Amino acid sequence: MLQRQDLLGLIDVSKEEITEILDLAHEFKTRIKAGEKKMGYLTGKTATILFYENSTRTRTSFEQAAKYLGMTTINIEAGTSSVAKGETLVDTGKTLDAQKNDFIIMRHPMGGAPYLLAKTVQASVLNAGDGINEHPTQALLDMLTMRETFGSLQGLKVAILGDIKHSRVAKSNLFGLKTMGAEVRMFAPETLIPKGMDQLGATICSSREEALKDVDVVMGLRIQLERQKAGNFPSLGEYAANYGVNEEHLALAKPNAIVLHPGPVNRGVELTSAVIDHERSRIEDQVLSGVAVRMAALCLLDEARK
Ligand code: ASP
């Protein structure tokens, strides 16, 4: 049983809790695939989707998940709300609480912002990405796609390549995958790997070959130019040539390895188009996993509040 009212990161989520979310998400995904669109387990509940940063997939995915569960959703774009008039996050939270919201789903450019909000409000807070800190539902959807392909996460070898330094996806995956018994390898220019990843359990690889050899999962991450003040590598072309993954590199992985990417993809930078569109790519399947995982998280957080 999920032991929390908020889902802020995977750093402290147990194996049992992750398994419970993935089990329920798998059930929802199967039902969506079978054509079910109304599963009104949370009818009458409300969720406010409060995004201070751009998003396509995550926002629509949370909204779709809430709608499948029969919830009412309210979308707030920080640029058009009182936030633009200088309202603090805590005051925004208090207002949303006074309106008796059950859930606040928040994306924010500052790491830790959802933790502050969660301390302030009665509603359950779901972190939809906080700066370079965590993006828990993204890692859960990645793990769902992996588990559905291979049956278990225990012992899986996962290579994460790309802008690890600025990636909340890399951190949430590292925490979640280690908890579930998988091996996580990382490969990027030294300037794009933050210190301490090895102490958190990642194997830092010194070549693309070392990273990809015999892995089950190849995960590409976007170069986050919007979060980089100084050039961490000479040019995108040089990055692609030395750190990107093409079909030849993919052949180093196990024959049944899958390719994942959280999107949005920089085609031809972290992965070539041939790899993105490869028969082993599960990038589209990740999107449906996302809806299912968010449905499961909403249901289980609601249950935990009772
Ligand atoms: N969509 C993911 C995120 O919001 C990855 C990315 O933006 O590159 O973190």
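General observations
- Relative contact order %, the chain, counting alpha carbon pairs below 8 Å whose residues are six or more apart: 22
- For segment 204-302, GluC sites (Glu not before Pro) are listed when DSSP marks them as loop and at most 11 other Cβ atoms sit within 10 Å of their Cβ; the list is 279.
- Cross-link table 119/195; 119/178; 45/100; 38/67; 94/119, entries beyond 18 Å C-alpha to C-alpha: 119/195; 119/178
- 3J(HN,Hα) along segment 141-146, derived from phi through the Karplus expression 6.51 cos²θ - 1.76 cosθ + 1.60 where θ = phi - 60°, amounts to 6, 5, 5, 5, 4, 5 Hz, with x in place of Gly and Pro.
- Result for the chain in a Gaussian network model with C-alpha springs under 10 Å: among 268, 129, 86, the largest mean-square fluctuation is at 86.
- Listed residues 81, 273, 172, most fluctuating in the chain (Gaussian network, C-alpha, under 10 Å): 81
- Gyration tensor verdict on segment 192-255 (Cα atoms; rounded if a/c is under 1.5, prolate if a/b is larger than b/c, oblate otherwise): oblate
- Within a Gaussian network of the chain (alpha carbon springs, distance under 10 Å), most fluctuating of 220, 196, 181: 196
- The string of couplings for segment 20-26 from the Karplus curve (6.51, -1.76, 1.60, θ = phi - 60°) is 4, 5, 5, 4, 5, 4, 4 Hz, one whole number per residue in order, with x for Gly and Pro.
- The value of relative contact order for segment 123-199, using C-alpha pairs under 8 Å at least six residues apart, is 33 percent.
- In segment 1-96, GluC sites (Glu not before Pro) in a DSSP loop with at most 16 other beta-carbon atoms within 10 Å: 36, 87
- Around the amide H of residue 183, modelled in the peptide plane, lie the amide H atoms of 155, 156, 157, 158, all under 5 Å away and 5 or more residues distant in sequence or on another chain.
- Bridge orientation summary for segment 112-250: considering DSSP beta bridges with both residues in this region, about 10 percent are antiparallel.
- Overall form of segment 128-185 per C-alpha gyration tensor (a/c, 1.5; a/b vs b/c): prolate
- Taking every DSSP helix (H) stretch of at least 4 residues in the chain, weighting each as -39,500 (n - 2.57) and dividing the sum by the residue count yields a mean residue ellipticity at 222 nm of -12000 deg cm²/dmol.
- Per-selection Kirkwood Rh - segment 35-124 (Cα, Å, 1 d.p.): 13.6
- Of the trypsin sites (Lys or Arg not before Pro) found in segment 1-65, those in coil by DSSP whose Cβ has at most 12 other Cβ atoms within 10 Å are 37, 38.
- In the distance distribution for segment 1-159, Cα-Cα pairs more than 28 Å apart total 22 percent.
- Percent of C-alpha pairs per 20 Å bin, the chain, short to long: 35, 57, 8
- Computed from Cα atoms, the angle from the helix 57-68 axis to the main principal axis of the chain rounds to 50 degrees.
- Principal-axis tilt of helix 168-179 within the chain, Cα atoms, nearest 10 degrees: 80
- Solvent-accessible surface ranking, highest first, for 305, 294 at 1.4 angstrom: 305, 294
- Cα-based convex hull, segment 246-306, per residue volume (Å³, whole number): 100
- Segment 141-155 versus segment 234-292: alpha-carbon centroid distance in Å: 17
- Three semi-axes of the equivalent ellipsoid, segment 134-293, Cα gyration tensor, whole Å, largest first: 21, 17, 16
- DSSP beta bridges in the chain [antiparallel fraction, %, rounded to 5]: 5
- Accessible surface of the chain [probe 1.4 Å, protein heavy atoms]: carbon and sulfur percent: 50
- The residues of the chain expose, per residue, 42 Å² of accessible area to a 1.4 Å probe.
The values are calculated or read from the model by the stated rules, or taken from the named source; none is laboratory data. Worth saying up front: this structure is predicted, and the values here are computed from it rather than measured. FYI the Cβ positions are ideal-geometry reconstructions off the backbone, even for glycines, and counts take in every protein chain you see. What goes into the accessible areas is simple: the full protein's heavy atoms, side chains included, and nothing from ligands, DNA or RNA. Shrake-Rupley method; radii C 1.70, N 1.55, O 1.52, S 1.80 Å.
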